[in-house]
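The values are calculated or read from the model by the stated rules, or taken from the named source; none is laboratory data. These figures come from a predicted structure and were not determined experimentally. Cβ coordinates were reconstructed from backbone atoms using ideal geometry, including for glycine residues, and neighbour counts include every protein chain displayed. Just so you know, the surface numbers come from the protein's heavy atoms only, side chains and all, with ligands and any DNA or RNA stripped out. Shrake-Rupley method; radii C 1.70, N 1.55, O 1.52, S 1.80 Å.
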Amino acid sequence: MFEEEKRAAAMEAIKHVKSGMKLGLGTGSTTRYFLDALGELVKSGKITDIIGVPTSKKTEEIANSYGIKTVNNINNIDIDFDGADEFDPDGNLIKGGGGALVREKIVAYNSKNVFIMVDSSKFSEKLHKFPLPVEVIPFMEDQTLSHIEELGAKCTFRDNKKFISDNGNYIIDCRFDYTDTGLEQKIKMIPGVVEVGIFHNITTKIFKGNGNTCEIIDI
Ligand code: DER
């Protein structure tokens with residue numbers, strides 16, 4: 001339903017890519033439009049000497065299929081291109097619907113610019129729609145889940161523990177009434193938690209699809 005908006009957002013964002021850039025390559029269906037467009041530009045030779053840092057094995061596979069060079073350890077990433085599951089007016093994000101939040105947050109944190117591509121359904125005045133993904137070590141995980149619930153959430157293991165992240169961990173989806181950004185540190189304090197899908201003070205630009213056009217929101 002929102003495919004046209006996802007595509008419009010990706011096509012606007014890709015205008016910022018220049019030859020020789022180091023790019024963060026996000027995960028998810030919106031970023032897939034970006035990856036396919038980038039791949040065609042690289043294949044055609046219009047864009048050269050790109051180095052990509054993929055945030056998931058799936059993204060790495062897609063990038064490599066177009067001949068985009070990928071690495072997993074590099075400094076000074078110029079721009080990180082990724083999606084989000086929900087965003088608010090301050091550019092705070094809920095991410096992790098694709099299960100890639102750990103590598104997505106590391107790449108975003110180490111990028112000079114973070115460009116987020118979304119369709120219009122992802123906007124909320126206050127983050128509350130999308131259950132907060134939390135990645136946890138597969139050890140005493142039921143206790144870790146209970147400690148998160150003590151903060152006021154209803155939690156479930158993604159796909160009943162059948163979903164395993166690229167890092168070999170479980171994902172817990174946590175339903176809070178409102179996902180206040182202050183929750184990030186409270187959850188991260190719990191032993192066993194690897195990462196929390198709140199991205200606070202990281203976004204620099206949001207490309208929000210609007211029908212077949214794109215609104216650019218500077219954060
Ligand atoms: O996991 C994530 O944060 C991804 O970016 C993803 O969930 C974004 O959603 P999309 O598939 O609608 O682009």
Test T181 against the criterion of being of a type in the set (S, T, Y) and within 26 Å of L25 (Cβ to Cβ), and give yes or no.
yes
Being touching a strand residue (DSSP E or B) at 6+ places or on another chain (Cβ under 7 Å), hydrophobic (A, V, I, L, M, F, W, C) and open to solvent by 30 Å² or more (accessible area, probe 1.4 Å) is true for just one of I216, I148. Which residue is that?
I216
Give the residue, chosen from N113, N160, that is away from the ligand (no atom under 11 Å from the Cβ), in a strand (DSSP E or B) and modelled with pLDDT of 95 or more.
N113
Members of the stretch 153-173 that are under 17 Å from K129 (Cβ atoms) and surrounded by fewer than 14 Cβ atoms within 10 Å (Cβ to Cβ):
K154
Residues of the stretch 148-170 that turn out to be small (G, A, S) and touching a residue at least 40 places away in the same chain (Cβ under 8 Å), as a count:
1
Looking at the stretch 122-132, is at least one residue modelled with pLDDT of 95 or more, within 23 Å of Y170 (Cβ to Cβ) and among the hydroxyl-bearing types (S, T, Y)?
no
Residue set K186, K208; condition part of a helix (DSSP H, G or I), basic (K, R) and at pLDDT 95 or above; output residue K186
Please tell me if S44 is more than 16 Å from the ligand (Cβ to nearest atom) and hydroxyl-bearing (S, T, Y).
yes
Just a yes or no: is a residue in the stretch 124-134 farther than 16 Å from F176 by Cα and not aliphatic (A, V, I, L, M)?
no
Any idea which of (1) more than 14 Å from the ligand (Cβ to nearest atom); (2) in contact (Cβ under 8 Å) with a residue 60 or more places away in the chain is the one I137 doesn't satisfy?
(2)
V194, sole failed condition from (1) part of a strand (DSSP E or B); (2) under 19 Å from D80 (Cβ atoms)
(2)
For the structure I just gave you, tell me whether V102 is touching a residue at least 40 places away in the same chain (Cβ under 8 Å), over 19 Å from A13 (Cβ atoms) and within 15 Å of the ligand (Cβ to nearest atom).
yes
From the list K188, K126, pick out the single residue that is free of Cβ contacts under 8 Å to residues at least 12 places away in the same chain and open to solvent by 40 Å² or more (accessible area, probe 1.4 Å).
K188
